[in-house]
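Visitor: This is the structure, below, for whatever I ask next.
The values are calculated or read from the model by the stated rules, or taken from the named source; none is laboratory data. Keep in mind the model is a prediction, meaning the values are calculated, not measured. Neighbour counts are summed over all protein chains in view; Cβ atoms, including those assigned to glycine, are modelled from backbone coordinates with ideal geometry. Surface areas here come from the heavy atoms of the whole protein model, side chains and all, with no ligands, DNA or RNA. Shrake-Rupley method; radii C 1.70, N 1.55, O 1.52, S 1.80 Å.
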Amino acid sequence: VKATFVDEKIEKYILSIIKATRDREEILLGASPRGTINLYRASQGRAVLYNRNFVTPDDVKIVAKQVLSHRLIIKPEYRLRGITAEMIMEKIMAAITIPGVSRYA
């Protein structure tokens, strides 16, 4: 899994997702460096499961919610309104532009 190629554009995409978790008004504590590493590795793992030696933006997008949602601490006033980490992650993923990456064989 660790040998699975991750394009620089994909790395920047991952970092933009992490940064977004730290910049949201609803989030008290965003994703940590460990969350960043886990999103990177989970994306590689998904690529391997689909018999690819490279990560696509879809790999990142599909695993991001599951990898990061439980790592976010939502401000109490938002939790009281019924806002969940999963809801916030959906908004984050919808707002971030998916990079165009050439296909690697």
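Visitor: Just to check I understand the Karplus step: with θ = phi - 60° and J = 6.51 cos²θ - 1.76 cosθ + 1.60, what whole-Hz values come out for the range 69-82, glycine and proline as x?
Guide: 3, 6, 8, 8, 10, 8, 4, x, 5, 7, 4, 5, 7, x
Visitor: Across the range 11-16, in residue order, what do the Karplus-derived ³J(HN,Hα) couplings come to in whole Hz, using 6.51 cos²θ - 1.76 cosθ + 1.60 with θ = phi - 60° and x for Gly and Pro?
Guide: 4, 5, 4, 4, 5, 5
Visitor: Under the rule of at least 5 residues apart or a separate chain, name every residue whose amide H is placed under 5 Å from the amide H of Ile74.
Guide: Amide H neighbours of Ile74, under 5 Å, 5+ apart: Leu28.
Visitor: Using a basic spin-label model with each label point 7 Å from the Cα along Cα→Cβ, how many nm lie between Ile37 and Tyr50?
Guide: 2.6
Visitor: Also: Using +1 on the beta carbon of Lys and Arg, -1 on that of Asp and Glu, and nothing else charged, what's the dipole of the chain about the Cα centre, debye to 20? Write down the numbers at each step before the final one.
Guide: Values: 18 positive and 11 negative charges, 39 e Å.
The dipole of the chain has a size of about 180 debye.
Visitor: Ok, one more. Whole Å is fine, so just give me how far the alpha carbon centre of the range 16-65 lies from that of the range 85-99.
Guide: Centre-to-centre distance over Cα atoms comes out at 11 Å.
Visitor: Under the Kirkwood approximation applied to all pairs of distinct alpha-carbon atoms, what is the hydrodynamic radius of the range 1-47 in Å? Don't jump to the answer; show the numbers that get you there.
Guide: Values: mean 1/r = 0.0886 Å⁻¹.
One over the average 1/r among Cα pairs gives 11.3 Å for the range 1-47.
Visitor: Something else about it: At Arg81 and Thr97, where each label point lies 7 Å from the Cα along Cα→Cβ, what is the point-to-point distance in nanometres?
Guide: Those two pseudo-labels are separated by 2.8 nm.
Visitor: Hey, another quick one. Mind checking which lysines have their C-alpha under 26 Å from Lys2, skipping anything on the same chain fewer than 8 residues away?
Guide: List returned: Lys12, Lys19, Lys61, Lys65.
Visitor: Let me ask you something else. Taking loop as defined by DSSP and a crowding limit of 10 other beta carbons within 10 Å, which chymotrypsin sites (Phe, Trp or Tyr not before Pro) in the range 31-68 fit?
Guide: Details: sites: Tyr40, Tyr50, Phe54; in loops: Tyr50.
Those satisfying the criteria are Tyr50.
Visitor: In whole Hz and in residue order, list the ³J(HN,Hα) couplings for the range 39-47 that follow from phi through the Karplus curve 6.51 cos²θ - 1.76 cosθ + 1.60, θ = phi - 60°; x for Gly and Pro.
Guide: 5, 4, 5, 5, 5, 4, x, 5, 4
Visitor: Oh, and also: Starting from the amide H of Phe54, placed 1.01 Å from N in the peptide plane, find each other amide H under 5 Å away whose residue is 5 or more places distant or on another chain.
Guide: Those qualifying (amide H under 5 Å, at least 5 residues apart or on another chain) are Phe5.
Visitor: Another question about this same structure. Hey, any idea what % of the chain's accessible area is carbon plus sulfur with a 1.4 Å probe? Walk me through the numbers on the way to the answer.
Guide: Values: 3530 of 6280 Å².
So the carbon and sulfur contribution to the accessible surface is 56 percent.
Visitor: Let's test this: bin the Cα-Cα distances of the range 48-105 at 10 Å from zero up to the farthest pair and state each bin's percent.
Guide: Binned Cα distances yield the sequence 20, 40, 26, 11, 3.
Visitor: Tell me, what is the per residue accessible area of the range 27-105 in Å², probe radius 1.4 Å?
Guide: Working: 4680 Å² over 79 residues.
In whole numbers, the range 27-105 has 59 Å² accessible per residue.
Visitor: Using a simple spin-label model with points 7 Å from Cα along the Cα→Cβ vector, what separation in nm is obtained for Leu29 and Val1?
Guide: That separation, rounded to one decimal, is 2.4 nm.
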